[in-house]
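The values are calculated or read from the model by the stated rules, or taken from the named source; none is laboratory data. If you're wondering where the values come from, they're calculated on a predicted model, not measured in any experiment. Positions of Cβ are backbone-derived with ideal geometry, glycine not excepted, and every protein chain shown enters the neighbour counts. Quick note on the areas: whole protein, heavy atoms, side chains included, nothing else; ligands and nucleic acids left out. Shrake-Rupley method; radii C 1.70, N 1.55, O 1.52, S 1.80 Å.
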Amino acid sequence: MAVRKRKDSKKNSVDTSSPVVAKAVDVTAVTDEPAADKSDLLDATDQIDQKHHRKSNKKWFRKTLPLSQKFVFFIGALLGIVSAWYFAANQELVSLDSLPDVNLDSFADFMEDFKGRLPISILKDATDISKNEQSHLDSTNAFAVGSALFAEGYRAKFPVIMIPGVISTGLESWSVMDTEECSCQTYFRKRLWGSWNMIRAMLLDKECWLKHITLDTETGLDPPGYKIRAAEGLEAADYFITGYWIWNKILENLAALSYDPNMMYSAAYDWRLSFFDLERRDGYFSKLKLLIELNKKKYGHKTVLTSHSMGSQVMFFFVKWVEAEGPLYGNGGKNWVNDYVEAFVDISGSSLGTPKAIVALLSGEMRDTVQLNALAVYGLEKFFSRAERAYFLRTLPGIASMLPKGAEAVWGDLSKAPDDTASINTTYGKFIQFKQTISALSSKNLSVGDSIEFLYSQAPDWFKARVEENYSYGIARTKQELLASETDYRKWTNPLEAPLPYAPDMKIFCLYGIGKETERAYVYQEEKNKDYAKLNVTIAPGFENSVIMGEGDGTVSLLTHTMCHEWKKKNSIFNPAGINVTIVEMLHEPERFDVRGGAKTADHVDILGRSELNEMILKIAAGRTESIKDRYISNLHQYVDDMHLSG
């Protein structure tokens, strides 16, 4: 049965980076010459006795113990050594001096603030997480894929722009005026998301951290007195914190192919904002358009756009925005994408959202619902209640872009779902089930579409207004409906309501992982004490099958890649220009002792370090894509055929 118990306890991680080393002791040889003095004679006598004792022990071992007991003796000794090493590596106390050496805003400053104030358990958790990830970094051969392809004659050709996913970009404070709640100058140009400063602020200055990161519920922008902006440059998303890489493996391999910062860029963005506000506040899409045009002018080549996770939705919004006419749009015309974009590389994209987003926004469940860096999850869960987490996430319109799109047509109804299997005793179409009915609130099961409406009913009015102002989650069934949505920016994040641009020469590559259990449906319970300041519902604690697992990459469900297969269909109304689409599914085959999964991982984030993925990205960038062929491992293409999304 593809289900999983909901667990709140965390596993202890073993630090294998510092093995116990036994020191060898040299024994001085004993001679027949007379001792120089009494002490020398005693020393010599002691050594003879020790030597005789060792010999007698060996004789006893050889002659007294039978073979079976000798075997048991050796096994016991081996287990004793392993046990001693294990417990030495997992002592409850941790030295402050053993914490990792990080250099984001100076880890020395971080430790000075923490000494004497951090509970030892928190220090140990942070140490374990960083050591595990740093040990993997040390054991990974940098530049390996790029160097191998360079030796085969591959060279940099097309400029590459990388669009990170949700929560991947670091966020910095640019507030300079102190407020009644916060000393903002303390955090000036400090990363309050994506650094050790984030954890420090969560613990020591929780209310001030929330004031900085939370957006205004009325405007969806910075609250008065605070200013947070996305970090810029390749450093914005290469690492989340020191030791935890995100895009760095791809950067290294591109560099081995002769790329440098003039030919590869990170189009980092403030993932908290709605997509329209990215342009309105930061001019994000205008900058992206100008950069792509500059690439064409400078290098004479189109640009390869490479996105990860929510970055695929940002990319899709951009190609619709750049075609649109108006004072806040790109005004590029219908041929702009075809003239300037060589390829769109969609890595683990979330074009149709992910079911986890509903749960995160509905009840603030984090560990089982949002794939964040280990320290980010740790901080949010350690220092904030579920109600605080739900409120915080609801203020961020960017998170709502991840809500599933397509409703019953894609995700199933209460009777069946496209990805149902015999291994479950229910249907994934029952996205939220209430096993116990307390009131009308928990009186029925909910599909994905019903669950979004249920979320609206449980959230404040400003949340529903903000979401409906920026997004749409439906489906267009005809060309006429698609044509009508061309001028509606709310539908530019939903490829089921807006077609691909007219770019017959552009190529699309959908590269994603499968084979890692991913949350697909849930069992909820209603809270008896229904104080509106608190949450009314929660994933049923203690219920054996409260999280029902399905196919995916550990974060996004397999069904979110439906659009890649729909675009690939001949004469699809969603791909009017007939853009060539290549789909490569990669099976999750993690290495047993590699924290990040190794060369064959297909985990949602760790796939960015997968050797095969890096190889394909480099081939696309070099303009040598002939060896990249379709590969289907799952049954998703069959699911999509049965959906009948168009016509």
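Observations on the structure shown:
- ALA521 being touching a strand residue (DSSP E or B) at 6+ places or on another chain (Cβ under 7 Å) and outside any loop (DSSP other than H, G, I, E, B): yes
- From the list VAL584, VAL605, the lone residue that is farther than 16 Å from ASN253 by Cβ and crowded, with 22+ Cβ neighbours inside 10 Å is VAL605.
- Residues within region 202-249 that are out of contact with any Ser or Thr (no Cβ under 8 Å at 6 or more places or on another chain) and open to solvent by less than 10 Å² (accessible area, probe 1.4 Å), tallied: 4
- The single condition among (1) modelled with pLDDT under 95; (2) touching a Gly at 6+ places or on another chain (Cβ under 8 Å); (3) under 19 Å from PHE344 (Cβ atoms) that THR562 does not satisfy is (1).
- Evaluated against (1) of a type outside the set (D, E, K, R); (2) under 22 Å from the mean Cα position of the chain (by Cα); (3) outside any strand (DSSP E or B), PHE240 falls short on exactly one condition, (3).
- When ALA255, ALA236 are screened for being at negative phi, aliphatic (A, V, I, L, M) and touching a strand residue (DSSP E or B) at 6+ places or on another chain (Cβ under 7 Å), only ALA236 passes.
- Residues of region 141-162 that turn out to be open to solvent by 80 Å² or more (accessible area, probe 1.4 Å) and either in contact with a Gly (Cβ under 7 Å, 6 or more places away or on another chain) or polar (S, T, N, Q) (or both), as a count: 1
- Any hit, region 490-501, residues being open to solvent by 60 Å² or more (accessible area, probe 1.4 Å) and either part of a loop (DSSP other than H, G, I, E, B) or at pLDDT below 95 (or both): no
- Within region 405-444, being of a type in the set (Lys, Arg), in contact (Cβ under 8 Å) with a residue 24 or more places away in the chain and surrounded by fewer than 19 Cβ atoms within 10 Å (Cβ to Cβ) holds for one residue alone: LYS435.
- Test: residue in region 571-579 that is free of Cβ contacts under 8 Å to residues at least 60 places away in the same chain, open to solvent by 70 Å² or more (accessible area, probe 1.4 Å) and more than 24 Å from HIS301 (Cα to Cα): yes
- Applying the criterion of at least 3 residues that are within 25 Å of THR625 (Cβ to Cβ) and open to solvent by 10 Å² or more (accessible area, probe 1.4 Å) to the helices (runs of 4 or more DSSP H) found wholly in region 271-374 leaves 284-299, 336-340.
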